[in-house]
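Read the structure below first, then the notes.
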Amino acid sequence: ETTHFGFKTIEKQQKVAKVAEVFHSVAAKYDVMNDLMSGGVHRLWKRFAIDCSGIRPGQKVLDLAGGTGDLTAKFSRITGEKGEVVLADINDSMLKVGRAKLRDRGIAGNVSYVQANAEALPFPDNHFDLITIGFGLRNVTDKDQALRSMFRVLKPGGRLLVLEFSKPSSEFLSKAYDTYSFQILPKLGELVANDSESYQYLAESIRMHPDQDTLQQMMNDAGFEGTQYYNLTGGIVALHRGYKF
Ligand code: SAM
């Protein structure tokens with residue numbers, strides 16, 4: 001199977017290896033590239049997720065696929081010393097960059113770092129009040145299994161937030177965005193990080209990711225209730241929310 005851009009659909013094993021390679025490769029430049037590629041707007045998308053999270057002091061949060069820890073840093077401040085924030089990521093290069101950055105900013109006490117695969121979370125049942133996965137789900141090979149794993153470790157009454165690239169709502173925006181992703185983005189990657197291939201993967205992974213309604217249905221199938229989503233920046237990004245009751 002090929003996409004209409006002609007890239008071969010990657011098999012499971014290859015995808016796992018590819019994702020690992022990409023994030024080992026981009027870890028050191030990840031934050032600067034994020035700001036550059038999104039014109040800083042990723043900060044607003046993350047802010048919106050925090051505002052929708054309903055998080056309170058003393059609660060337990062899992063920032064899954066947390067990478068360099070932007071969301072973790074914000075949650076750490078809100079949950080306070082009685083709270084707990086776990087930054088979990090499959091990739092040790094990303095975790096190392098995240099931990100160094102957060103420690104530099106004086107964020108330490110209530111944060112722990114765990115290397116884990118979203119498909120098989122190493123946490124007890126019914127543990128977290130909130131799970132976020134920011135720009136991470138599209139990199140996970142078995143998304144249904146990962147959603148079920150998140151459901152398991154969430155407390156009854158807890159919620160999941162999935163912040164992810166999605167499907168632009170207008171045809172015009174969709175075309176402009178495709179041009180940006182497949183032509184400009186890999187060039188930016190080449191210029192700034194000397195790595196066009198990783199940024200080509202990024203564009204491809206966004207294109208392949210399930211659209212808003214499909215992801216909502218996948219959350220329902222994993223057991224989440226009261227699911228809904230908000231489109232951000234014309235649907236370039238969507239925030240999905242669901243509860244475990
Ligand atoms: N959440 C951060 C942010 O919003 O800036 C980082 C997002 S980064 C684009 C995606 C992250 O997902 C990477 O750090 C990668 O290692 C992680 N990841 C990919 N597959 C994963 C998996 N199966 N389980 C856990 N983390 C995974």
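Here, each number is a calculation from the coordinates, and none is a lab measurement. Predicted, not measured: the structure shown is a model, and the values here were computed from it. Here Cβ is always computed from backbone atoms with ideal geometry, including for glycine, and neighbour counts include all displayed protein chains.
Observations, loosely collected:
- Residue check: P156 meets all listed conditions (1) away from the ligand (no atom under 15 Å from the Cβ); (2) surrounded by 15 or more Cβ atoms within 10 Å (Cβ to Cβ) but one, namely (2).
- Residue under evaluation Y180, criteria (1) over 15 Å from the mean Cα position of the chain (by Cα); (2) over 21 Å from M37 (Cβ atoms), criterion not met: (2)
- Members of region 20-68 that are among the β-branched types (V, I, T) and free of Cβ contacts under 8 Å to residues at least 60 places away in the same chain: I50, T68
- Just one of the numbered conditions (1) surrounded by fewer than 19 Cβ atoms within 10 Å (Cβ to Cβ); (2) part of a helix (DSSP H, G or I); (3) among the hydrophobic types (A, V, I, L, M, F, W, C); (4) touching a strand residue (DSSP E or B) at 6+ places or on another chain (Cβ under 6 Å) is not true of F245: (2).
- Selection within region 68-87 - within 16 Å of R105 (Cα to Cα) and either within 12 Å of the ligand (Cβ to nearest atom) or in a strand (DSSP E or B) (or both): T68, G69, D70, L71, T72, A73, K74, F75, V85, L87
- Residue count, region 19-39 (criterion: more than 10 Å from the ligand (Cβ to nearest atom) and within 16 Å of A73 (Cβ to Cβ)): 1
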